[in-house]
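Structure, as structure tokens:
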Amino acid sequence: MKEIVMYTVDYCPFCKKAEMLLKSKDIPFKKIDITKDEDEHRKKLGEYYDIQGRVTVPQIIIGGKRIGGFDVLDKLNNAGELDKMLED
């Protein structure tokens, strides 16, 4: 299974929704809470993943590829594509 990394902040409802979705499917993930030094972490994420404009959270990375946030994760799951993406 490909590794999932999720960048979050502790007050974000979409981060919590993404966590609940992954946990409900028993999909392991690495959570990186960027609440402390949030602005600096958002800047670094934007530079690293070449994100134009404001960097939102959660930022979800699957197998080293940034897919985006909760809306994309939910759409992939509902379409049956998330499980396929996680296959090695």
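Every number here is computed from the coordinates shown, using simple stated rules; none is lab data. None of these values were measured; they are calculated from a predicted model. Counting neighbours? That spans all protein chains shown, and the Cβs are built from the backbone with ideal geometry, glycine included.
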Hypothetical label at ILE51: residues of the range 57-77 whose amide nitrogen lies under 16 Å (7 Å Cα-Cβ projection): 57-74
Once label points are set 7 Å from the Cα along Cα→Cβ at both ASP37 and GLU3, what is their separation, rounded to one decimal in nm? 1.9 nm
Charge tally for neighbours of LYS23 with beta carbon under 12 Å away, counting Lys, Arg as +1 and Asp, Glu as -1, is +2
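About the Cα centre of the chain, what is the dipole size in debye to 20, counting +1 per Lys and Arg Cβ and -1 per Asp and Glu Cβ, all else neutral?
On the way: 16 positive and 17 negative charges, 17 e Å.
In debye, rounded to 20, the chain gives about 80.
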Please arrange LEU73, LEU22 by how many other C-beta atoms lie within 10 Å of their C-beta, fewest to most. LEU22, LEU73
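What does the convex hull of the alpha-carbon atoms of the chain project to on average, in nm²?
One quarter of the hull surface, i.e. the mean projection, equals 5.4 nm².
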Gain on full stretching of the segment that runs from LYS44 to LYS16 - 0.36 nm per residue minus C-alpha separation: 7.9 nm
